[in-house]
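Encoded as structure tokens, the structure appears first; notes follow it.
Laboratory data are not the source of any read-out in this text; all were calculated from the coordinates shown. These figures come from a predicted structure and were not determined experimentally. A quick note on method: Cβ atoms are made from the backbone with ideal geometry, for glycine too, and the neighbour counts reach across all protein chains shown.
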Amino acid sequence: MKEEARKSTGASPSREYIGKRVLRAEDIELLRGRGGFLADLPAPHAAEICMVRSTEAHAMVRAIRKERALASPGVIAILAAGDLDLVDDALPCVDMIPGTLDARHRVIARDRVRYVGQVVALVVAENRYLAEDAAALVEIEYESLPPVTDHMAAKNPGAPLLYPELGTNVVYQVTQCDGNADFAARDGDLVIRKRYEFHRQIAVPLEPRGVTAKLIDDGQRLHVESCTQLPQVLRLAVAGALGLALDHVRVTVPRLGGGFGCKEMVYPEEILVPAATRKLQRPLRWLEDRREHFASATHAREETVDAEAVVAPDGTFLGLRLTGWCNIGAAYGFVGNTPITAMGAMVRGPYRVPNLDAQMFSVVTNKTPLNVLRGAGGPQAALVMERLLDEAASILAIDRAEIRRRNLIQPGELPLDRGRTGFAGSYHTVYDEGDYPRCLEAGLRLAEYENFESQRKAAAACGKLRGMGIAMYVEITAVGPYETARIALQPDGTILLFSSIMPVGQGSETTQRQLVAEELGISMEQVAIRQGDTDEVPDAVGTFASRGAAAGGAAGRMVARELVKKILCCFAAALHCEPASLRWECGGVMVSMPSEEFIPLSKIPTRLALLREEREPRRIDAKHRIEIPKPSYSYATHVAVVEIDPQTGQLKIPQYTVAHDCGRIVNPLLVEGQIVGGVVQGIGAVLREQLVYDSEGHLLTRAMMDYVLPGASDTPAEFNLWHMETPTGFNPFGMRGVGEGGTIGSHAAIANAVADALRDYDVAVDGSGPFTPTWIMEALSRPPRAAIPSRVPAKKK
Amino acid sequence: MVIPGPGFADILVGAKHALSIRVLHPNVLKDGFECASLVHLSSELQMKPSIFKYVRAETADHAVELLAGADSSARILAGGQSLIPALSARSIKASLLLDIMRCPGLDEVSHAPGEITIGAACRQSRIEFSPVIQGSIPLLCETLSWVAMPQVRSRGTVVGCLAQANPGGEMPVVALALDAEFNILLRGDVRQRMPAGDVYAAEAGARLPAQSLIVSASFRTLTAGEGWGFSEVQLRQGHFALVCCAATLQLDEDGLIRSARIALGGITANPYRAQLAEKALIGESADNDSHFREAARLASEERPWPARSDLHATGSFRSKTAVAAVARALMDARNKCSWKTGGNHGRS
Amino acid sequence: MAAPDWTLGKPLRREWDESQTALRMTVNGKQVQTVVADRLLLCDFLRDNLELKALKVACGEGACGACTIVIDGQPARSCTLLALQAEGAEIFTLEGLNAPEGLDQVQQIFQQQHALQCGYCTPGWLVTVYSMIKRSIHPDSPEVAQYLSGHICRCTGYRNIWTAVRRALGAAMDESAGGEK
């Protein structure tokens, strides 16, 4: 099953690292408490910033009075929009397509605030305590405007407008279609119409955000540090916003304490802090606190989707018609239109459903701006399809596994063009190779689907309600358009890799080192890695969309090959021979002149120096940019078992199963960690996590005790995990991404399991809940479900 | 509208840029659930405390003297596990914090016939694992194991929890079940003893005399053969109680219920004793679970205030699941009724 | 008393009208003597004044456990304490519990089990595990779940942490029993 997918370059490294459960060397410093996160880094002479944030959801800003705050102890400056000399105050959004209106987020509020938490001014003071004292004294005169928080109200004419000049709150629209967009039900077809609701979530990485800035190189350059997944993008944004030449800005990013998509963003604070540094000519630091995080780090997932499915009597889905609205908050996130676009692009998952007609919209409201969160719209898409499948199975009296079998795309059909549904740069979505049926059967077998009814009976005998839910999904990963890497063979014979991928917890440092070490045929101890410095890696795409190993790793392997080529050229020049008389063998150069000799990599710099009659060995650099025209797609089957205590509404997950395919696995230990971590995030999301606003646009979930994250007691008691590795022709090394799938499958699998557990009650599971104890008790108080006729009379559209 | 006043424990209030007060506004969530948020309404997003003065009281009398000389925002600081986060969030501002943890005598556990008195400086973890308490008031130890988590109980105090009266807190519930009385010191060495029922007589908050210090709380010890039970419904382990119940039962030789105590928390901000439910149990057979279920239903219904809704659960949910919590606590108590004084029954 | 090893604290300016108080404690075996603002939180004192960066301030309200330290022999949050509340206390942070170099047995088990991903919450977990070992908590004890409920991890999903903690507790019991497994 584990087949080679790499092209030959003449090197034949032994299979030492790829596929191995290599422990992470970076753990040593992390376990000793020396992670070097941004808040831990020394910030000599830096003053602290506290952001003054809007307390109004929607208001004109009539005046900002600083006098009392300026008199507060330890205050250095109070800055508002007019004080900052911004050349361009629009923050980037990369998923604006032709026709998209300009609702880009601005760096700082000028005359209008559009969400509670929006930055209106900055306080700079000697320490954070004093800065917060002063922030409380900044007086802002607001003239309230009517807020609108419900996207379904905001989209209608007559709703309060966030951007009056745009004339509407519906700011983004995409049409996606496949097959015959005008498909209609035939005689005998089943038509299911449902509205699905997805609640608002937030990432909550343990590490809050932070930004520092200082002047370097005699004040000629601005050095910005930030917790961002996109250092190179940030550099462009800072330079653009401040009107600086690109090489006058340096961005460095230490490792991140979690990202999950909320750090895949260019934030106002990331422009404000360097702007203030430039203005005040002194180093500054802003560290986000957790209450700020809830109000100003990007939100996620809130959508409403109307779906109409046409299903043949044998359970095969003929077509899907969708209209969807995403509540994107007050302005675009960096990829704020991606989640709703993913609904149309990925909703059909591994199921054929040949006809698709989708209209997707982004709607602005007076909430914190929305961006991607692990899964990037995938969880919502999978849930729609999977709920529809279970509904159809129930109405048509077809077994739930069987209805999925009948709809799955077969291996022989792949690669498969899924029509004009693309995003993230591609116009068409084209699935790569895979074996969806095999993945389904593996998941069902591991989860003992066939025996579930006896589980259900046994639980019922103890007064508990058990349900099992199946979900499959296909996930877009390893997106391009390209990725870069640089590598150096140091004078001391070790390798230094400069990676474009930021460590956010996924273990990228180890994965990249594994790939490069195996490519070169050397031991991992010889490979060091650095990342996050735009001076060292000026051009890269970044860390998101499960692309670290597949895209970043591909770039790393290719740059290692470039290095090999360069080394061979160096030897050829030094030996005055033809490069053909040299070859790269696992871990070194085999020269044949003057005699056959193998020179290991670690000795190459000194040997070359000798040959060149130089005193000091030299460093050899190589760089590479790999074009990635096609994303690859990973997929999985999730099977969740839930158990409800009908007396208290509490829900446990005694068993969870994942059978997945992410192509060639580099490090199974890390892959399993990503899947389990993603699943538990999904569990938290659908069981309890919810951002709640009141009707005036005030965020009520403001702290960790309000937004209840999953804890150690939420881990499924039994977790079954199974890998299959189908190499993909869309990636040069057969790799697909894996970081996000856990959340995508778990939303759908748990929703289906809850619906199954409550199948005797007249309750609709039409969305992501959350299925809190309150929700469950409310569901249990509903009347018993009337018997559903096994066939509904045929309906025409 | 609730305004903090002198002598009453403050209910956390919201502040709109520190200049006005907005409290307890009802909000409508999706699906028509009503919600009234008590905590963290502050529009400020700060997380460092505002300025206060910190003083270590040398004795309990010294603490009371200092309170008398301070304004109404002065606060007693014991463990700080509730107070410090509230100060950090600037939901509360205090002019003065009086640390009582070093006052002599406040860390004592003392006995009297039928009663154990726990000083204000006694940490929760110490009481949780105290052999003396486990042998005489095991209900208190069991309840403590539900309070937050061990890393909070290492610093928090039993009496501090009682004084803080967090909505749904476990300590006030067990205080009611164990007929606790608060030993209060006022200026001029004036001492008062207040039953927990009086302290928690209002819908929310601990009603204590102005400028007073609770020096200790006295709990009655369980009698020979008295069973106890504690049950809690949480969103997840480590989070607040949505509802909780502390119960005790005494049986006679024929297995009939001689007396019962049922204290119910979470369903309302302050706990209450379900006296109708208690009376309904007397004389009934303890072997028949249906009596406990009926008593549980009564206990939920006899709540003196409306069931509360917040971000985590609705009043309707709380009133329903309170029935399960009470029934479970009573059945647990029934199962423990053969316990004898002085033995260490351990924890279930 | 011997002269303290550290005399620290960012001095407060006289013109700032904020109450300050003298503070003495022992941190990681060293005596500390200084003057701090009354309102200074213990987590900020340890991180900013003493440069002990292992503990993290991730929630500021005692909900997540990333700031966990040992104080007078017991694990506690440092973000729900004022520095002044630790007067005279003996405090250990992860830096004071580490082996002189490399990884100790508990840390090795965490690495082997992949019980950390981003590593931000990890110092807090370790302090709790050391405390559990000190109390000889059995790996199957219900107290394990209680201690673990005191920490939030957003990355791992806890499965590997459970395995690592149980293994670490089991290994510690074997060691103290002096026998073989």
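Annotations
- In this structure, the amide hydrogen of A:R583, modeled 1.01 Å from its nitrogen in the peptide plane, lies closer than 5 angstrom to those of A:M590, counting only residues at least 5 positions away or on a different chain.
- Counting Lys and Arg as +1 and Asp and Glu as -1 over every other residue whose Cβ lies under 13 Å from the Cβ of A:D85, the net charge comes to -1.
- Using a Förster distance of 25 Å, the FRET efficiency for A:T175-A:R405 (Cβ separation, nearest 0.05): 0.20
- With θ taken as phi - 60° and the Karplus curve 6.51 cos²θ - 1.76 cosθ + 1.60 applied, the whole-hertz 3J(HN,Hα) list for the range A:507-520 is x, 4, 4, 5, 4, 5, 5, 4, 5, 5, 4, 5, 4, 8 Hz, x standing for glycine and proline.
- Taking amide H positions as modeled 1.01 Å from N, with prolines and chain starts lacking one, the residues under 5 Å from C:L41 and 5 or more places away or on another chain are C:A83.
- Chymotrypsin sites (Phe, Trp or Tyr not before Pro) lying in DSSP loop within the range B:95-191, provided at most 16 other Cβ fall within 10 Å: B:F129
- Whether the range C:105-177 is rounded, prolate or oblate, judged on the alpha carbon gyration tensor where a/c under 1.5 counts as rounded: prolate
- Per principal axis, descending, Cα span of the range A:172-221 in whole Å: 77, 27, 15
- Likely footprinting exposure, C:T163, A:T175, C:T80, fewest C-beta neighbours within 10 Å first: A:T175, C:T163, C:T80
- Low-density loop cleavage sites - chymotrypsin sites (Phe, Trp or Tyr not before Pro) in the range C:91-181, where at most 16 other Cβ are within 10 Å (DSSP): none
- Beta bridges by DSSP in the range C:6-93, antiparallel share as percent, to the nearest 5: 75
- As a calculated quantity, the FRET efficiency between B:R293 and B:E253 at R0 = 30 Å, using C-beta atoms, amounts to about 0.75.
- Rg/Rh ratio calculated on Cα atoms of chain C (Kirkwood radius): 1.02
- Exposure proxy ranking for B:F230, A:F317, based on other Cβ atoms within 10 angstrom of each Cβ and starting from the fewest, stands as A:F317, B:F230.
- Label point distance in nm, B:W305-A:D85, each placed 7 Å from Cα along Cα→Cβ: 5.7
- Average projection, convex hull of the Cα set of the range B:109-220: 6.6 square nanometres.
- Net charge of Cβ neighbours under 12 Å - reference A:A382; Lys, Arg +1; Asp, Glu -1: -1
- In terms of its Cα atoms, the range A:481-627 spans 50, 26, 26 Å along the principal axes, sorted from long to short.
- Rg/Rh ratio calculated on Cα atoms of the protein assembly as shown (Kirkwood radius): 0.97
- The range B:227-335 shape via C-alpha gyration tensor axes, a/c threshold 1.5: prolate
- Other-chain or far-sequence residues with amide H under 5 Å of A:Y761's (modelled H): A:R785
- The Rg/Rh ratio of the range C:6-93, with Rg taken over Cα atoms and Rh as the Kirkwood radius over Cα pairs, comes to 0.95.
- Of the GluC sites (Glu not before Pro) found in the range B:187-279, the ones in coil according to DSSP and having at most 13 other Cβ atoms within 10 Å of their Cβ are B:E253.
- Computed 3J(HN,Hα) for the range A:659-673, one whole-Hz value per residue from the Karplus formula 6.51 cos²θ - 1.76 cosθ + 1.60 where θ = phi - 60°, is 10, 9, 9, 10, x, 5, 8, 7, 9, x, 4, 6, 4, 4, x, glycine and proline marked x.
- Centroid-to-centroid separation of the range B:297-312 and the range A:298-365 [C-alpha atoms, Å]: 41
- Bridge type composition, the protein assembly as shown - antiparallel percent by DSSP, nearest 5: 80
- Under the Karplus curve 6.51 cos²θ - 1.76 cosθ + 1.60, θ = phi - 60°, whole-Hz ³J(HN,Hα) for the range C:116-121, x wherever Gly or Pro sits: 8, 10, 7, x, 5, 8
- C:K30/A:R445 FRET efficiency (R0 56 Å; Cβ-Cβ; nearest 0.05): 0.45
- Exposure proxy order (Cβ contacts within 10 Å, fewest to most) of C:I137, C:I152, A:I49: C:I137, C:I152, A:I49
- Across peptide C:140-152, the mean count of Cβ atoms from other chains lying within 10 Å of each residue's own Cβ comes to 6.
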